[in-house]
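**Student:** Take this structure first; my questions come after.
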Amino acid sequence: MQDFFQENNNISNELSAMLATACDGLIYISEMDAPVTPFFGSAAETVTGETILQQANLPRDSPVTELSLEAFFGRLTEIRDWYGDVEKLRAKKFSELQKLLGENLSDPKVFRVGLVQVDIFTVGIDRDGRIAGVTTKAVET
């Protein structure tokens, strides 16, 4: 039984370390630039807007919009002709983060909570059956 818990703990620790590395220095650009940080919730069979509101301690009546990973990461991973080195590096890091989330989480989704001041959760279910992913904030007027 100890081996089972140790093995699961190693999976969680490994994902935690990978997310921390992927998020290191990563900024989500909006009217308020915000860091992207790892997010870990508790056990859940599926991820829904209601689940995110509960696990992030946000008001239950908050407006929630759900997006696919592709829809959310599309503009973040696109490299434009006029990008400098900083923008190209940011796009590459977002691409690596998208891949990491897609490979390590089942049913990954993006939830945008709020209207002007928006909490963004890019999450899915990890191998231990818990909600995991990343979060950031945006201001959109």
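**Student:** Identify, please: which residue in the range 43-65 is farther than 13 Å from GLY133 by Cβ and touching a strand residue (DSSP E or B) at 6+ places or on another chain (Cβ under 6 Å) and is, among those, surrounded by the fewest Cβ atoms within 10 Å (Cβ to Cβ)?
**Tutor:** Selected residue: ALA43.
**Student:** Moving on. Take PHE121 and tell me if it is under 22 Å from ILE27 (Cβ atoms), out of contact with any Gly (no Cβ under 8 Å at 6 or more places or on another chain), crowded, with 16+ Cβ neighbours inside 10 Å and not charged (D, E, K, R).
**Tutor:** no
**Student:** Right, another one. GLU103 fails exactly one of the following numbered conditions: (1) at pLDDT 95 or above; (2) assigned to a loop (DSSP other than H, G, I, E, B). What is the number of that condition?
**Tutor:** (2)
**Student:** Can you tell me which condition GLN117 does not meet? The list is (1) among the polar types (S, T, N, Q); (2) under 12 Å from the mean Cα position of the chain (by Cα); (3) farther than 22 Å from SER12 by Cα, and all the others hold.
**Tutor:** Exception for GLN117: condition (2).
**Student:** Which of the residues spanning the range 83-137 are more than 16 Å from PRO38 (Cβ to Cβ), touching a strand residue (DSSP E or B) at 6+ places or on another chain (Cβ under 7 Å) and among the β-branched types (Val, Ile, Thr)?
**Tutor:** VAL113, VAL116, VAL118
**Student:** Every residue in the range 90-107 that is closer than 15 Å to GLY133 by Cβ, crowded, with 18+ Cβ neighbours inside 10 Å and in contact (Cβ under 8 Å) with a residue 40 or more places away in the chain, please.
**Tutor:** Of everything in the range 90-107, those that are closer than 15 Å to GLY133 by Cβ, crowded, with 18+ Cβ neighbours inside 10 Å and in contact (Cβ under 8 Å) with a residue 40 or more places away in the chain turn out to be PHE94, LEU97, LEU100, ASN104.
**Student:** Report yes if some residue within the range 34-51 is part of a strand (DSSP E or B), hydrophobic (A, V, I, L, M, F, W, C) and free of Cβ contacts under 8 Å to residues at least 60 places away in the same chain; otherwise report no.
**Tutor:** no
**Student:** Also: Just to be sure I understand, how many residues within the range 53-96 are at positive phi and either over 18 Å from the mean Cα position of the chain (by Cα) or among the hydroxyl-bearing types (Ser, Thr, Tyr) (or both)?
**Tutor:** Number satisfying all stated conditions: 0.
**Student:** I've got another one for you. For the range 121-141, which residues satisfy the criterion of being in a strand (DSSP E or B) and not aliphatic (A, V, I, L, M)?
**Tutor:** PHE121, THR122, GLY124, ARG130, GLY133, THR135, THR136, LYS137
**Student:** Quick check: anything in the range 79-89 surrounded by 16 or more Cβ atoms within 10 Å (Cβ to Cβ), among the hydrophobic types (A, V, I, L, M, F, W, C) and farther than 23 Å from PRO63 by Cα?
**Tutor:** no
The values are calculated or read from the model by the stated rules, or taken from the named source; none is laboratory data. Note that this is a predicted model, so its numbers are computed, not measured. Note: ideal-geometry Cβ built from the backbone for every residue, glycine included; neighbour counts use all protein chains shown.
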